[in-house]
Amino acid sequence: MFKPPQLQQFLPPDFKISNSEKSLFHIFNENDCYALWAAYAAGRPLLVRGKPGTGKSQMAKAIAEQLGWAFVSEVIRGNTELSDLHWHFDAIGRLGEAQAMSNKPGLSESDWENKMNPRHFLSPGAFWWAYDWQSAELQYHACANKWRPKPQFTPNSRVSSPDGVVLLLDEMDKAEPDLPNGLLETLGNYQFTVPYINPDDEDEAFKNPITADPARLLIIITTNEERELPTAFVRRCLVHTLRMEESTEKLGDIEKRYSWLIERGKLHFGDHIAEPVYLRAAELLWSDRIASTYSRYPPGLAEYIDLLGALQSLNHDEQQQRLEKIASYALRKELDQ
């Protein structure tokens with residue numbers, strides 16, 4: 001079980017997270033636990049490499065659930081800019097407000113200053129929530145036009161902010177090189193500056209820069225290896241690679257060979273799927289995965305779960321009959337030649 005170092009306890013055997021209400025199912029092995037602990041203890045992000053469907057994003061959600069920490073995530077896209085991860089300023093909304101106010105005669109200068117205060121159009125980004133939850137929440141409520149919903153966590157009766165935050169930056173390989181390079185200071189110094197905040201503001205919660213407490217933060221960054229990340233960025237991280245092949249015992253006993261997939265399938269669906277269906281679905285997946293070694297879309301855990309999910313509403317006999325009919329739709333995503 002992963003435990004932050006300040007708790008002076010770290011137990012690394014395999015353990016499972018199963019929360020059907022959140023559709024959250026994950027199995028941590030010993031290597032996962034040590035990698036998460038090492039990144040946290042070193043005060044570095046954990047860069048998780050692996051092909052799609054190996055559970056990289058799910059790992060971040062599951063460790064937040066295990067720790068009882070808030071989970072903040074951002075999916076990186078080709079047009080994601082550095083400022084998007086820190087804050088978002090609604091310039092169009094402010095312009096619209098100015099135009100609306102210009103049609104209201106008799107407004108005083110103080111009315112204009114109040115309505116046009118840049119903070120009314122400033123939303124906190126993922127890093128702001130992760131680094132300083134208190135000021136992010138204050139700014140969230142001060143903003144008239146919310147850019148993104150507030151991240152969720154489950155507080156106890158005595159706190160209004162989480163004990164810690166797991167921040168997930170998903171699919172960093174989609175970004176232009178300027179983005180990961182631009183994050184070096186934010187990640188290295190645990191701080192960044194937000195414009196539009198008056199440095200003379202009497203409210204201490206809004207003093208620049210926004211600064212994180214490393215003891216309350218775990219950053220996980222994922223990559224599908226579609227684009228090579230800058231060297232300086234990778235060196236700033238600890239790196240953990242998830243491989244289905246290394247997790248599967250390639251032995252003569254066929255059930256042991258596919259045990260990695262079957263165990264995770266059962267965590268999701270339990271007795272709702274027939275035992276022979278778990279095994280046969282794993283056989284079909286590995287057959288297609290081996291055949292599509294050079295494919296852009298080799299089937300993985302995500303496809304296995306999708307295939308089983310499509311069958312769960314059927315009775316066990318119907319599942320076995322229907323499996324072969326629908327398997328190709330979940331497992332084969334290349335254009336047939």
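The values are calculated or read from the model by the stated rules, or taken from the named source; none is laboratory data. These figures come from a predicted structure and were not determined experimentally. Quick reminder, even Gly has a Cβ in these numbers, built from the backbone with ideal geometry, and neighbours come from all protein chains shown.
Observations on the model:
- Those helices (runs of 4 or more DSSP H) of the range 259-337 in which at least 2 residues are among the acidic types (Asp, Glu), considering only elements entirely within it, cover 275-291, 301-311, 316-331.
- Number of the condition not met by residue 31 [criteria: (1) of a type outside the set (Asp, Glu); (2) within 20 Å of residue 165 (Cα to Cα); (3) part of a helix (DSSP H, G or I)]: (2)
- The number of residues in the range 1-16 being at pLDDT 75 or above and either farther than 18 Å from residue 261 by Cα or touching a Phe, Trp or Tyr at 6+ places or on another chain (Cβ under 7 Å) (or both) comes to 0.
- Residue check for residue 296: surrounded by fewer than 17 Cβ atoms within 10 Å (Cβ to Cβ) and not β-branched (Val, Ile, Thr): yes
To keep it simple, each residue is scored yes or no on (1) modelled with pLDDT of 85 or more; (2) surrounded by 17 or more Cβ atoms within 10 Å (Cβ to Cβ).
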site: 41; (1), (2): yes, no
site: 44; (1), (2): yes, yes
site: 73; (1), (2): yes, yes
site: 105; (1), (2): no, no
site: 111; (1), (2): no, no
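- Look at the range 255-266: where a residue is over 18 Å from residue 16 (Cβ atoms) and a partner is modelled with pLDDT under 85 and among the acidic types (Asp, Glu), sitting 6+ places away or on another chain with Cβ atoms under 8 Å, you get 256/249; 257/249.
The rows are residues; the columns are (1) of a type in the set (Asp, Glu); (2) surrounded by 13 or more Cβ atoms within 10 Å (Cβ to Cβ); (3) under 16 Å from residue 54 (Cβ atoms); (4) at pLDDT 90 or above.
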| position | (1), (2), (3), (4) |
| --- | --- |
| 250 | no, no, no, no |
| 253 | yes, no, no, no |
| 260 | no, yes, yes, no |
| 265 | no, yes, yes, yes |
| 282 | no, yes, yes, yes |
| 286 | no, yes, yes, no |
